[in-house]
Amino acid sequence: MLITDKESFKRLQKLNQLALTEKEETDVLAFFTARNEDITALGAVDTENVERMVHVMPMETVVREDKEIKLFTRDELQKSAPESYEGYWQVPRLVE
Amino acid sequence: MRYETVIGLEVHVELATESKIFCSCSAKFGGEQNDHVCPACCGMPGMLPVVNKHVVDLGMTAGMMLNCDINRTTTFDKKSYYYPDLPCSYQTTQWFAPVAVNGLVDIETSKGKKSIRIKQIHMEEDAGKLVHDDWTDTSLVDFNRTSVPLIEIVSQPDLSSAEEVIAYLERLRSLLRFAKVSDCRMEQGSMRCDVNLSVRPEGSDKLGVRTEMKNMNSLTAITRAIEYEVARHIDAIENGTEELVQETRRWDDVKGKSYAMRNKETAGDYRYFPDPNIMPVVIDDAWYNGIKASLPEFPEIKRARYIDELGLTEYDADLLTASRAFCDCFEAAYEVCGSAKEVANWLISDCMNILNRKQMTVDELKLDGKTLGELIKLCMDGKVNRGNAKKILMEMFDSETPIDPAAYAEANGFIVSNDTGKMDEVIKAAVAADPKAVADFKGGKEKALLAIFGKCMKELKGNCDPQKLREALLKHIDSL
Ligand SMILES: [Zn+2]
C-alpha cells in the first residue's frame, strides 16, 4: 500500500492501532511521501530475467526436529501480563 | 436467463505434528487454556522462530499428493493485522514463495470427472482463541492454538456447484489422510475452508461480484451456504434486491443466512513482507527425494490392486481403502499369513465391530498388522480355534503392551491339543448316553448341557481345559 495522502495514512495508523500527535503525523507523512518517490524511481529499473532475491543474507535456515519440549509454565508466563483471569490473558472486550 | 456459479476454495488443514511450527510447544488439540505456550508463541519480545522440519515435510507431501511443483527455495513472510488472538500482531505465513504451486486434483461427481487446478499450498501458523466473558465484560485469550502449523490449499476458481465443492473436499481429505498430513477432522477444526463465490450469466467470460465466506467447518453447512449465496446473488442480479459488493460474509447455519462482516481488509492492508528472522528454507535433493519416496500409493490405485491382484471383492476393497490405517494393517497382515480374503474378513467384521463398540473411528485403529497376521495364521493352521482367536484379538485391542499371539495362546491354554481323540471319544459317549438332555438343550434349556458337561469332566478326570471341552461339546451337538 502506497501512503500518498492524509487519508491513506490514517488507514495505516488504524491498521497498526497507532495514535500520533499532529506534529508526528506531519513529520511521518512527509517521510513516507519522500519514500514513495524512491519506490517509484526503483520501478524504472529493468528486472526482466533477474532472479528474485529471496533474502538479503546468502544463508539458509536451520530446521529443528519435531519434538515437544515444555519449558515454561502458564504461571511463569502470565507474571508479566497486565491482567489475567483463570489462566487466560485478559483484554478489553471485543465486539464480534 | 441461466447462470453459472464460479467457486474457489481456500482450505486450511492443521498438520499432524507433535510440536508447533516455530517453537517446541505441544501442537496437540485441547489441553487446559494456555498450557501449550512459551515466550515465542505468546509473542514475547526478542524471541526468534525456529522452523519445525516436519512441517516442511508435510507441506511438501501435500504438494506432491496434489500434483504440485515444489519450490525448492521456500520463504516465510509476515502478514500484519492487529487482533488479540495474534500476539505478534502479524501472522507468519508464505506469500512470495509458497512451498507448492500449480497442482491438480481430480474429482468425480454425478456430472462426470473434472480436474481442479491448485494455485498454491502455503505453510503458516494458526491464531489463538478468544472467549468473550459476559461476567467480567472482557475478552479472554488462549494461546494454545497460536503457532500450531497449518497449510492453506488455494484452488483456482474451477468449481461450479456445491456438489463439486463437496467432492473436492472429500478428495482432499482422503489424499491428505492417506499421506498422514493431517487427520482432517472438520468437527475439531483441523480442516476448515473459506468459500469464494460469484455468479454470472452462462457463457459470460466476465466474473461477477465475489463474496467470501470464512471458516466453514461442516460439509452440510458448506452446501447450505453455497446454495443460499447463489440464490442471493441471482436475486440481486435479476431483481435488484440489493447491490452486491465484494466482501467477507459470515454464515449462520442455525438461521440459514449469511451476514456481511464489518472489517473489509484487502491484500494491501496486510502489508506482506519477507520475515527477516527466518532464512530461506532450501530443500536439497536428498530431502526432496526422501519425501517423494515416502508417498503412499493413491487410494484408488490400492483399491484396483486389491481387487485385481489380491482377489478381494469391490465391497471389501472399498471398505479397506477408506482408511490408511486399515490398508497398512491389511498389507502387513497379508504378508505374514498369505490370505488376503482372511485378513479382509478379520478387519472388516471383527476389527470393525470392536472399533464400533469402543466408539472409535477406522483411523484410530492402532493394531499392528504383523501381529494380526500371526494371529490369523494360528487360526488358519488350526492351532487356535476362531472363538479363542477372537479373545486374543480383543486382548490385542485392550492391552497397553504388545501381545505375541502364539505365546498368549500358549499361556492361556488356547492351543488346540493334538491329542483331541480322547476328548472327542468321551464327548461322543456322553452325548449318546443322554439324548433327553441334548433335546432339552436344543429346545433352549441352556442348563441341560451342564449334566453332560459334568459327566465328560468326570470321565476325563479334569485333565482338560474346561473352555475347550465346552466348545468341543457344543461343536459336537451342533454337528448332530
Ligand atoms: Zn511455544
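The values are calculated or read from the model by the stated rules, or taken from the named source; none is laboratory data. As the structure is a prediction and not an experimental result, all values here were calculated from the model. Here the Cβ positions follow ideal geometry from the backbone for every residue, glycine too, while neighbour counts run over all protein chains shown.
Observations on the structure shown:
- Contacts under 7 angstrom Cβ, first residue in region B:28-53 being within 10 Å of chain A (Cβ to nearest Cβ) and more than 24 Å from B:Tyr81 (Cβ to Cβ), partner part of a loop (DSSP other than H, G, I, E, B) and away from the ligand (no atom under 13 Å from the Cβ), 6 or more apart: B:Glu32/A:Gly87; B:Lys53/A:Glu65; B:Lys53/A:Asp66
- Some residue of region B:7-17 being part of a helix (DSSP H, G or I), modelled with pLDDT of 95 or more and away from the ligand (no atom under 16 Å from the Cβ): no
- Residues of region B:188-238 satisfying the condition of being among the hydrophobic types (A, V, I, L, M, F, W, C), in a loop (DSSP other than H, G, I, E, B) and under 19 Å from B:Met261 (Cβ atoms): B:Val209
- Boolean, B:Gly112 is over 28 Å from B:Tyr90 (Cα atoms), more than 16 Å from the ligand (Cβ to nearest atom), of a type outside the set (A, V, I, L, M) and without any contact (Cβ under 8 Å) to a residue 40 or more places away in the chain: yes
- Residues that are touching a helix residue (DSSP H, G or I) at 6+ places or on another chain (Cβ under 6 Å) and within 30 Å of A:Tyr88 (Cβ to Cβ), drawn from region A:34-73: A:Asp66
- Test result for B:Val99, of a type in the set (A, V, I, L, M, F, W, C), within 16 Å of the ligand (Cβ to nearest atom) and crowded, with 23+ Cβ neighbours inside 10 Å: no
- Of the listed requirements (1) modelled with pLDDT of 95 or more; (2) surrounded by fewer than 17 Cβ atoms within 10 Å (Cβ to Cβ); (3) not charged (D, E, K, R), B:Tyr81 misses just one: (1).
- Scanning region B:148-161 for residues that are among the hydrophobic types (A, V, I, L, M, F, W, C) and within 16 Å of the ligand (Cβ to nearest atom) returns B:Val148, B:Leu150.
- Answer residue from region B:121-147, given it is among the β-branched types (Val, Ile, Thr) and in a loop (DSSP other than H, G, I, E, B) and is nearest to the ligand (Cβ to nearest atom) among those: B:Thr146
- Subset tally (residues that are buried (at least 17 other Cβ atoms within 10 Å of the Cβ) and either among the charged types (D, E, K, R) or within 14 Å of the ligand (Cβ to nearest atom) (or both)) for region B:56-78: 3
- Taking the criterion of being more than 8 Å from chain A (Cβ to nearest Cβ) and either away from the ligand (no atom under 16 Å from the Cβ) or in contact with a strand residue (DSSP E or B) (Cβ under 6 Å, 6 or more places away or on another chain) (or both), the only residue of region B:18-27 that qualifies is B:Ile21.
- Restricting attention to region A:27-68, the residues that are touching a residue at least 24 places away in the same chain (Cβ under 8 Å) and hydrophobic (A, V, I, L, M, F, W, C) total 3.
- Residue within region A:16-39 that is among the polar types (S, T, N, Q) and in a loop (DSSP other than H, G, I, E, B) present: yes
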